[in-house]
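Student: Quick one: this structure, given as structure tokens, is what I'll be asking you about.
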Amino acid sequence: MIDPQTLRMAETHLAGRDRRLRRLIEAHGPCRLGQRRRDPFHVLCASIISQQLSTKAADAIMARVAVAAGARNRFMPRHFLSVDLRLLRDAGLSNAKARWLTALAKAVDGGELDFKALRKQPDERALEVLDALPGIGRWTAEMFLIFALDRLDIFSISDVGLRRALDHLHNGGGRLDDGAARRITQRWIPYRSVASWYLWRLTDGDVGTWT
């Protein structure tokens, strides 16, 4: 979890570096990022299930997968180690997503993916470890670092909601290229995750899995 005092420091820093972002901070009030603990395995499972789906569709499929796997409050590796893939597909998962969930469970159960060790890794190394897993791309890894590992300085350049908000905030809605987007977000270091939280508030982005 993130100390609220750290969030207040982040808001002050961001407001001083970007007057347009300051107005967004004033409009939406204190940041609530990192205010509850999240089980890392469950978060990754939820991210795989929800890929390319609306929040509503993802929630419905997640509930059916939980029943199929025998999970109650949260997913754990044992739920996917012996489950019949046909049950997962019948719950609404694609073949690929069903395989990715079982591969993730095996990686955690076998120690290939160690969440305690991952927490100690610097941001870029942690992203590389996650990106190498089946079904976990760069965007999912970035979201995981923000919402499950409480990393404060992540900005996902490929996130559609963030880019739309950045375009609106700094270019009147016109598309900023990657270079311009990076130059703007460099001002926000070391609190780019907090800035991202405010940008998502602007677009009401589809980040239900994470927030």
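Each reported figure results from applying straightforward, stated rules to the coordinates on display, with no laboratory input. Bear in mind that the values here come from a model prediction, so they are computed numbers and not experimental data. Glycine also receives a Cβ, built like all others from the backbone with ideal geometry; neighbour counts cover every protein chain displayed.
Quick grid of which residues meet (1) among the aromatic types (Phe, Trp, Tyr); (2) more than 30 Å from Thr102 (Cα to Cα); (3) in contact with a helix residue (DSSP H, G or I) (Cβ under 8 Å, 6 or more places away or on another chain):
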residue	(1), (2), (3)
Thr6	no, yes, no
Arg20	no, yes, yes
Ile25	no, yes, yes
His28	no, yes, yes
Ala63	no, no, no
Asn73	no, no, no
Met76	no, no, yes
Arg86	no, no, no
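Student: Considering Leu169, Leu176, Leu149, which residue is touching a residue at least 60 places away in the same chain (Cβ under 8 Å), over 19 Å from the mean Cα position of the chain (by Cα) and closer than 30 Å to Arg20 by Cβ?
Tutor: Only one candidate qualifies: Leu169.
Student: Let me spell it out: the conditions are (1) outside any helix (DSSP H, G or I); (2) touching a Cys at 6+ places or on another chain (Cβ under 7 Å); (3) aliphatic (A, V, I, L, M), and Val194 meets all of them except one. Which number is the exception?
Tutor: Unmet for Val194, out of (1) outside any helix (DSSP H, G or I); (2) touching a Cys at 6+ places or on another chain (Cβ under 7 Å); (3) aliphatic (A, V, I, L, M): (1).
Student: Quick one: in segment 9-40, of everything that is of a type in the set (Gly, Ala, Ser) and crowded, with 19+ Cβ neighbours inside 10 Å, which residue is farthest from Asp150 (Cα to Cα)?
Tutor: So, considering only residues that are of a type in the set (Gly, Ala, Ser) and crowded, with 19+ Cβ neighbours inside 10 Å, the one farthest from Asp150 (Cα to Cα) is Ala10.
Student: Inside segment 65-78, can you point out the residues that are buried (at least 21 other Cβ atoms within 10 Å of the Cβ) and part of a loop (DSSP other than H, G, I, E, B)?
Tutor: Phe75
Student: Test Arg183 against the stated conditions and say whether it is crowded, with 17+ Cβ neighbours inside 10 Å and not in a loop (DSSP other than H, G, I, E, B).
Tutor: It is false that Arg183 is crowded, with 17+ Cβ neighbours inside 10 Å and not in a loop (DSSP other than H, G, I, E, B).
Student: For segment 79-101, which positions are in a helix (DSSP H, G or I) and surrounded by 20 or more Cβ atoms within 10 Å (Cβ to Cβ)?
Tutor: Residues satisfying the conditions are His79, Phe80, Leu88, Lys97, Ala98, Trp100, Leu101.
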